[in-house]
Amino acid sequence: MTVYFIGAGPGAADLITVRGARTLAACGVCLYAGSLVPRELLAECPPGARLIDTAQLDLDTITAELVRAHQEGHDVARLHSGDPSVFSAVAEQMRRLDAAGVPYEVVPGVPAFAAAAAALKRELTVPTVGQTVILTRVAQRATPMPEGEDLATLGRSGALLVLHLAAMYVDRVVDELLPHYGADCPAAVVAMASRPDEIVLRGTLADIADQVKAAGVVRTAVIMVGRTLAAEQFRDSHLYSTDRERPHAPCDAPAEGTGTGRA
């Protein structure tokens, strides 16, 4: 049988993908991150499914549950918040499943940074202002950052930074980015993106830390810093320009808005 790593989305139960919901409904066992995944999603599991909250489990115990379910002939839903490709800790689970000979697939989900951008009503890549987004975090009690991926180094790019798992350390984030972005650089923090208790904070590097502390935001948040967050004066995209040649597109040509023609 197969283990399915399913991205549950950023928080709202209806932001799971159609494929994710259908896969969840077909699995007899579901391991879910109880502190992050909305409980409403568990209603998608089939009647009688074995539900296992992994919030207090270590990696060896989680792996044992996945292998056990596989051996018993069950497809398994391993439900993660956001999208499995970013800060999800699926890599070490996959490594252990490879060693155990257990097959798995990945079902992508809506990442937290996308939900945060939606809450801000902002496109993160804006022509002539910024075309690069860096997803990162800070090292504190968690695993150390690799050499060259500290904020001071990444900040030299001037690109839009999206920091996960960093709300508790917002003062440090501001201190390390100020020399590269300046006090007037737009900044935002979105906590519990897409949920009923969503918190959206907008400001600059000069005041965003005070806003975060005043709002009591310490977790389940992303910090964004970059000029595209407040861009108003910029050139229209070439995608819809009247100067762009528009030959008849073959049937297999990319559709507009897929991210293939943005510049």
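The values are calculated or read from the model by the stated rules, or taken from the named source; none is laboratory data. Bear in mind the structure is a predicted one, so any value in this text is a computation, not a measurement. Cβ coordinates were reconstructed from backbone atoms using ideal geometry, including for glycine residues, and neighbour counts include every protein chain displayed.
Taking segment 1-113 and the helices (runs of 4 or more DSSP H) fully enclosed by it, the elements with 1 or more residues that are free of Cβ contacts under 8 Å to residues at least 24 places away in the same chain and more than 29 Å from Met192 (Cβ to Cβ) are at 59-71, 90-100. Among the residues making up segment 134-166, those that are touching a residue at least 40 places away in the same chain (Cβ under 8 Å) and either of a type in the set (Phe, Trp, Tyr) or within 23 Å of Val217 (Cα to Cα) (or both) are Leu135, Arg137, Leu160, Leu161, Val162, Leu163, His164, Leu165, Ala166. With a requirement of 1 or more residues that are modelled with pLDDT of 95 or more and surrounded by fewer than 19 Cβ atoms within 10 Å (Cβ to Cβ), the strands (runs of 3 or more DSSP E) lying completely within segment 137-239 that satisfy it span 199-204.
Picking from residues in segment 92-114 that are closer than 30 Å to Asp236 by Cβ and among the small types (Gly, Ala, Ser), the one that is surrounded by the most Cβ atoms within 10 Å (Cβ to Cβ) is Ala112. Being surrounded by 20 or more Cβ atoms within 10 Å (Cβ to Cβ) and under 21 Å from Gly11 (Cβ atoms) holds for only one residue in Ala117, Ala89, and it is Ala117.
Taking the criterion of being among the hydrophobic types (A, V, I, L, M, F, W, C) and at pLDDT 95 or above, the residues of segment 70-89 that qualify are Val76, Ala77, Leu79.
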